[in-house]
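Worksheet: one structure, shown below.
Rule-based calculations on the coordinates, nothing more; no lab input. In this text, all values refer to a predicted model and were calculated from it rather than measured experimentally. Positions of Cβ are backbone-derived with ideal geometry, glycine not excepted, and every protein chain shown enters the neighbour counts.
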Amino acid sequence: MLSPNDILKQYWGHDAFRDLQLEIINATLNKNDVLALLPTGGGKSICFQVPAICMEGICLVISPLIALMKDQVENLRNKKIPAAAIYSGMSKREIETTFNNAVNGAYKFLYLSPERLQNEDAQSKIAQMSVNLLAVDEAHCVSQWGYDFRPEYLLIANIRQIIKEAPILALTASATAAVVEDIQLKLNFKKNLVFRKSFERKNLQYVVRGTDDKYNKVLEICNKIKGSGLIYANNRRQTQELASWLRNNKIDSFHYHAGLNNKERNKIQEDWIKNKIRVIVCTNAFGMGIDKPDVRFVIHYQMPVSLEAYYQEAGRAGRDGQRSFCVVLHHPTDEKNARSLLELKYTPIAEVRRVYELISNYLHVPLEGGFDQSYDFELAAFCKATQLNPLMVNSALKTLEQNQLMMASQSFYSPSKLQLLADSNTLYQYQLKNQFHDAIIKTIVRSYGGIFDYYININEKEIAARTPNSTEAKVIACLQQLHQLKFADYVVQTDSPKIIFLTARLPSKHLEIDEKLQVQLKQNDVVKINSAFEYANQTQNCRSQKILIYFDEIKTLPCGVCDVCLNYFKDTLPKEKFNAIHFAINEIVHKQPSTLTSLLGQLKFQKNEIEIVLKYLFSNELLKYNKDQKIALT
């Protein structure tokens with residue numbers, strides 16, 4: 001059996017793991033239940049992918065994010081590691097075939113959405129698999145104290161009764177002490193074991209700027225800080241208007257939100273990653289799973305409504321370890337607007353029932369029908385037809401999802417997929433009788449390894465280009481014919497949001513909606529908003545410390561570089577005095593490291609003034625204590 005280091009080198013090309021990764025992997029290989037808290041960009045996926053490859057059997061990965069599931073499956077397949085995903089929106093046949101392949105050992109990884117676990121067929125198939133590990137991504141969703149609670153995550157504990165021998169590895173980028181405890185409880189950890197990497201990001205400079213003119217403040221920041229940037233705004237209209245205004249002011253920028261079609265989103269994302277676009281103005285739909293190391297600044301046009309969300313989004317800056325800036329633009333009306341939106345978020349139960357019925361009728365779903373079915377659903381068109389407020393409908397849909405009745409998926413691109421079902425001999429006989437399809441089938445078989453074993457993403461245009469005397473229309477006709485003959489399962493690409501019924505349609509008055517849960521979740525949100533705006537409004541405590549204390553890291557030093565720290569130093573010492581002390585300290589420790597007592601004895605300044613400068617230099621890692629416990633330059 002290959003060691004974790006051998007696997008890391010073979011598949012990822014790295015010689016060494018990042019901090020805590022190997023410890024997490026070894027604990028998992030020893031069959032322990034593990035909770036791993038790694039900040040954004042901390043390499044969470046490696047922590048379950050490497051041990052799963054080490055062990056015999058298949059790893060089940062639970063994730064609520066379809067786009068992230070698809071990206072990880074594609075990345076694994078590019079490394080020649082067999083993987084597949086099952087998510088809402090797939091055809092029944094595609095789901096059945098993927099499950100059967102998993103049972104037969106065709107994959108090393110199977111990604112599932114949490115709501116899939118309540119399906120009896122899914123449970124039956126999982127019981128037949130040799131599961132070596134259950135990995136739970138975005139594990140904070142299991143806790144109602146978390147910032148994105150999803151009741152379907154509570155179903156994960158039930159699946160452990162089916163795969164009793166498999167350990168569980170829960171992963172998240174942010175969790176408070178209450179959430180950490182709740183995750184382990186809700187997932188039935190046999191023994192509590194937590195690996196926590198500090199949430200401190202020393203290269204990030206946190207800043208809050210109060211302003212009445214956010215547009216010009218954004219422009220000022222973009223002009224002052226060189227390099228690639230992200231600007232988070234609250235809604236689609238805001239992203240478009242701000243990006244347009246920046247372009248008019250000679251800042252190369254573009255907007256990004258879930259309402260763009262797949263081709264547009266991919267092009268914008270790719271151009272930004274390759275630095276063809278400097279700045280992306282986006283909603284929080286952007287950034288998940290994107291690993292761009294050289295983001296120099298992240299601006300929030302408004303303060304997010306939780307410090308968890310802010311930490312994750314701001315954390316997309318500076319993954320290369322270089323100095324980067326995280327700026328919140330703040331106006332007194334922002335808090336009032338956020339609290340008003342919170343009221344809209346919790347739609348009265350009577351309205352939730354009404355939305356359920358209207359959507360069901362709009363999609364022509366009969367009573368007792370629709371279970372586990374997905375339907376194309378454009379929110380704007382529905383709201384126009386029913387004269388309903390989109391914010392209210394979104395809120396109602398969230399409540400319906402939390403009560404496991406109906407859910408809405410964001411628009412996501414699903415390319416055409418194909419699996420050849422006929423054996424090679426049957427297919428050969430078909431090719432002999434249908435010469436006009438022979439060349440197309442040969443191209444498909446040559447181009448897509450494993451297409452007899454599982455569904456492969458295909459591109460009809462590329463197949464046509466590789467096939468002499470063919471066109472995209474001819475390729476599609478061939479695939480449709482193979483599908484009709486049941487020689488293949490051909491799933492045509494889609495790029496539209498969906499409504500998925502998690503139960504058969506019920507009369508709206510019979511919907512079971514947990515009103516106590518809604519009250520509790522609203523109270524949780526109020527607490528989170530209070531913490532977020534306390535962070536934005538306060539000017540006395542280090543920004544980094546405020547974030548770390550929120551995540552229960554109490555013993556931390558001021559960062560020395562946030563706006564609060566810099567104002568402290570500025571107000572405490574005149575700039576000339578500060579610079580003079582800094583220069584004198586450097587002169588001494590440059591010659592040789594010094595004890596604190598010796599250093600204080602050589603400097604001809606007041607002790608309290610020296611301590612202010614030393615605190616700043618240590619916070620900024622400009623000084624350190626060496627192995628002899630002497631002060632030295634870094």
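Specify which residue in the list 599, 573, 531 is farthest towards the positive end of the charge dipole of the range 512-617, using unit charges on the beta carbon of Lys, Arg (+1) and Asp, Glu (-1), about the Cα centre.
599
Any idea what the relative contact order of the range 372-502 is, in percent, if you count C-alpha pairs under 8 Å spaced at least 6 apart?
So the answer I get is 45 percent.
Given R₀ = 60 Å, FRET efficiency for residue 624-residue 351 by Cβ-Cβ distance, to 0.05? It would help to have the intermediate numbers written out before the result.
Values: r = 59 Å, r/R0 = 0.98.
It comes to 0.55.
Once both labels are modelled 7 Å past Cα along the beta-carbon direction, what's the residue 3-residue 264 spacing in nm?
5.2 nm
First measure r as the distance between the Cβ atoms of residue 322 and residue 178, then evaluate 1/(1 + (r/R0)^6) with R0 = 45 Å and state the FRET efficiency to the nearest 0.05.
Details: r = 34 Å, r/R0 = 0.75.
Calculated value: 0.85.
Cα centroid distance between the range 113-158 and the range 230-259, in Å?
Their Cα centres are 36 Å away from one another.
Relative to the longest principal axis of the C-alpha atoms of the chain, give the angle of the C-alpha long axis of helix 424-433, reported between 0 and 90° and rounded to the nearest 10°.
The two axes meet at around 60 degrees.
If one computes the Cα centroid of the range 348-365 and of the range 430-452, what distance in Å separates the two points?
The distance from the Cα centre of the range 348-365 to that of the range 430-452 comes to 47 Å.
Let's see if you can work this out: charge +1 on each Lys and Arg Cβ, -1 on each Asp and Glu Cβ, no other charges. What is the dipole magnitude of the range 134-256 about its Cα centre, in debye to the nearest 20?
300 debye
Angle between the Cα long axis of helix 435-447 and the longest principal axis of the chain, 0 to 90 degrees, nearest 10?
30 degrees
For the chain, what is the charge dipole size about the Cα centre, in debye to the nearest 20, if Lys and Arg each add +1 at the Cβ and Asp and Glu each add -1 at the Cβ?
Values: 77 positive and 67 negative charges, 287 e Å.
Using only the charged Cβ atoms, the result is roughly 1380 debye.
Among (i) 25.9, 89; (ii) 24.0, 73; (iii) 27.5, 97, find the value of Rg and Dmax of the Cα atoms in Å that was calculated from the structure presented, and write down its label.
Read-out taken from this structure: (iii).
In the chain, with Lys and Arg counted as +1 and Asp and Glu as -1 at Cβ, which of these residues, 396, 507, 447, has the Cα nearest the positive end of the dipole, that is, farthest along it?
Sorting the options by dipole projection puts first 447.
Of 342, 374, 311, which is farthest along the charge dipole of the range 251-382 in the positive direction, counting Lys and Arg as +1 and Asp and Glu as -1 at C-beta?
Of the options given, the answer is 311.
Mind giving me the nanometre distance, one decimal, between the label points for residue 587 and residue 224, set 7 Å out from Cα along Cα→Cβ?
3.2 nm
Output the relative contact order of the chain, whole-number percent, from Cα pairs under 8 angstrom with separation of 6+ residues.
On the way: 1032 pairs, mean separation 81.1, N = 634.
Value for the chain: 13 percent.
What ranking, highest mean first, results for peptides 336-342, 308-314, 268-274, 249-255 when packing means the other Cβ atoms within 10 Å averaged over each residue?
My ranking of the peptides, most packed first, is 308-314, 249-255, 268-274, 336-342.
Using a Förster distance of 22 Å, how high is the FRET efficiency between residue 576 and residue 608, based on the Cβ-Cβ distance and rounded to 0.05?
0.80
Determine, for 153, 11, 454, 625, the number of other Cβ atoms within 10 Å of each Cβ, and report the residues in order from fewest to most.
Fewest to most other Cβ atoms nearby, the residues stand as 625, 11, 454, 153.
How big is the charge dipole of the range 573-633 about its Cα centre, in debye rounded to the nearest 20, if each Lys and Arg gets +1 on its Cβ and each Asp and Glu gets -1 on its Cβ?
Taking the Cα centre of the range 573-633 as origin, the dipole is about 60 debye.
Taking only C-alpha pairs under 8 Å that are 6+ residues apart, what is the relative contact order of the range 227-356 in percent?
Values: 192 pairs, mean separation 33.9, N = 130.
In percent, rounded to a whole number, it is 26.
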